[in-house]
Each structure stands twice: as C-alpha cells, then as structure tokens.
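Read through the structure below, which is laid out as structure tokens, and then see the notes.
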Amino acid sequence: MSDIDESLEQLLGKASPRPVPDSADVATAREAVRREWHAVSGGNRSRKRMLALAVAATVLISAFSLFNVLRMPDVDIVPVASIQKSFGSIYLLGDQSELTRVDDLSTIHTGQIIVTGDDAGIALAWGNGGSVRLDSNTVVEFRNGSTVFLRSGQIYFDSMPVGLVTGLTVGGVGSFEIETDYGVVSHTGTQFMTQVESEELRVSVREGRVDVAGHYYPHVVSRGEQVLFSGRQRPVVLRMSTYGDAWAWVGLTAPAVDVDGQSVHAFLRWVGRELGMSVEYQDDTVERVAHDADLAGRVDTEPAEALRQRMLTAALDWRFVEGVIYVSNSH
C-alpha cells in the first residue's frame, strides 16, 4: 500500500462509527477523497487544509452512510401477540444484549426478544389465532405475525384451543412457524411442543402433525411422536405420550378461563385439551348431566387442580385412566 493510501486509510478511520454503506458508495467516496488528496499533495499542505480535508472526508462518508440508511426498507413495528398469563421473571433482550425486566408487559411487538427466567412462564394469544406458551429458561425473538425464532428453551402451540379464554381466536388460524438454528417447524392444525437445547431440536406432537424442514433432513412428525434433530444425523423418531410429566409445564401456563354459564362438558373439554387427554362418560345419562349442568365464575388455577375443585360441585365423579378423563355418576 502506498503512503498516500495509508494516509487516506488513517483519515477515513477518524470518522465516527456509522451504519455500513454499500460497497459501491464507499468506492465512490474513497475516489473523491483520493483525487482531492492528489490535488493538494504537490505543494506544502497547511494544517488548515489538512483539517478541512479530514472534515470533508468524514462528512462525505457520513452522507453516503445516511443515504444508505434512508433507502433501506422500513420495518413495521406491529403487535403480534397479547400476554394472557405470566409469572416469574420476564425480560426483554436489548440491542446490546442487556436484559430489562418487565412486570407489566401486555403486548408483544415484532422485533422484541423475550427471555423467561428459571421460575417463569407465559401464555400468549397469538395475533393470527391460537395459543402460544413459553416455558422457563426460554429465549424467543418475535419476527413477524407468523414467525418466531426460538434460540433456546421450549414453545408450545395449540392452533385450535377450546374457546373459553377471553381474547383468544379459535379456528381459521393462519400460518405459524418456529425458526431455529436446526430447521423450521410449522403446524398443519395441531398441538405441539418445540424444544432447542444442547445443540438439538426436539419436536413433540399431541395432535395432528407438524412439518419440520431440517437443515439436512425434512420430516413430518405425527401424533404421539417425538423427533430429535441433531447435526447431520438422520432424525430419531421416538414414541411419546400426549400427556404426563413432559407436558406438565403447559398446564402451568394455561391462561384463566371464563366458565360462567358454561356447561360441565365444555369445562371438561378444556381440561382434556390442556392435559392432552380425552373425555369419556360412564353412560348417556352421565353425559347428559354434564351437558345440562352449568358452572359459574372464572377458573384461574391449573387444569388438573381446577378439575378437582369444580367436579366437587357437579355431582359427578372422575378419574384418570391411561390418558382418559373418565366421568361417572357420583351416586
């Protein structure tokens, strides 16, 4: 590199940090400054002329940088979800990787990154319909109205929740994709859980099916399956129950529901969907009682506890039988 080029590099280096301009713009700016340098380099250069040249270079680069920023497409900041329930430590991740705790966040917008602590959980009413849950120790970037990026932790999505939750859109759910470093997960009308941990992607399906566009292998995950994606290995398919301990955190994040004037049957459908269980009645008489008996008030406890409390007043007995809520006459 010539002495002139080295001096020019030092001069341009004095400019304060700016957004990176287009390479063609940088080349134009460099050439303009180089011509000016040659024009004054033949004689004695005064300190004032050198200072003026430095200022000119800075202004020129800044102008090109500003032009570059102004011509970038605008990114709309729009709401994508509303928070229905949250507990524990919830944070927003800033541009400088700083964490800001938020205790009164009610709406999530595009571009925001949510971080949950080890004692936390969130239930969201997704803007396009459906219910989204975030487990503890989860980091999620909300990119737009149909896509989130899961950096780590667990997400649960239910595209057809029971319509007892205020503000939750049921039916006609638009697209919902979970992008990860290991592939893209998209639903086709289902309940499923996505987990990113230890450089692995796990997808577990309760209902319906889920398409996973892995970086190396695509796979369709069906009900009762858990599929593990790890590096370049082929997906590993495991059988998985639709209820039980692995899904317990989903029930903990279940938002409150309004059961005032709702039948016991509607309440049982909600409990069953939250727990990943079906509902069966002893006979037609018991089922008729469940349809005719109305409840009152609001349920703000987790589904299993709500079942225990509400069925005490419904004159019906119940028990869990291998993934079934079996309802019988209490007499």
Ordering 146-157, 307-318 by per-residue average of other C-beta atoms within 10 angstrom, highest first, gives 146-157, 307-318
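Please say if region 226-276 is rounded, prolate or oblate, where rounded means a/c under 1.5 for a ≥ b ≥ c the square roots of the C-alpha gyration tensor eigenvalues, and otherwise the choice is prolate for a/b larger than b/c and oblate otherwise? Show your work: numbers first, answer last.
On the way: a/c = 4.15, a/b = 3.06, b/c = 1.36.
Prolate shape, in that a/c is at least 1.5 and a/b is the bigger ratio.
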Mind jotting down the distance between the C-alpha centroids of region 185-258 and region 96-114, whole Å?
26
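Can you tally the net charge around His219? Count Lys and Arg as +1, Asp and Glu as -1, for every other residue whose Cβ sits under 13 Å from the Cβ of His219. Let's see the in-between values first.
On the way: positive: Arg202, Arg209, Arg234; negative: Asp211, Glu225.
Here the count lands on +1.
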Please say if region 256-329 is rounded, prolate or oblate, where rounded means a/c under 1.5 for a ≥ b ≥ c the square roots of the C-alpha gyration tensor eigenvalues, and otherwise the choice is prolate for a/b larger than b/c and oblate otherwise?
oblate
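Is region 113-157 rounded, prolate or oblate when judged by the Cα gyration tensor, a ≥ b ≥ c being the square roots of its eigenvalues, rounded requiring a/c under 1.5 and prolate requiring a/b larger than b/c? Each step should come with its number before you reach the end.
Details: a/c = 2.34, a/b = 1.45, b/c = 1.62.
Oblate, since a/c reaches 1.5 and b/c is not below a/b.
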Please give the length that would be gained between Gln282 and Val102 if that part of the chain were fully extended, namely 0.36 nm times their separation in residues minus their C-alpha to C-alpha distance (nm, one decimal).
60.0 nm
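Just so you know, all these numbers are worked out from the coordinates, no wet-lab data involved. Note that the structure is a prediction, hence the values are computed from the model and not measured. Here Cβ is always computed from backbone atoms with ideal geometry, including for glycine, and neighbour counts include all displayed protein chains.
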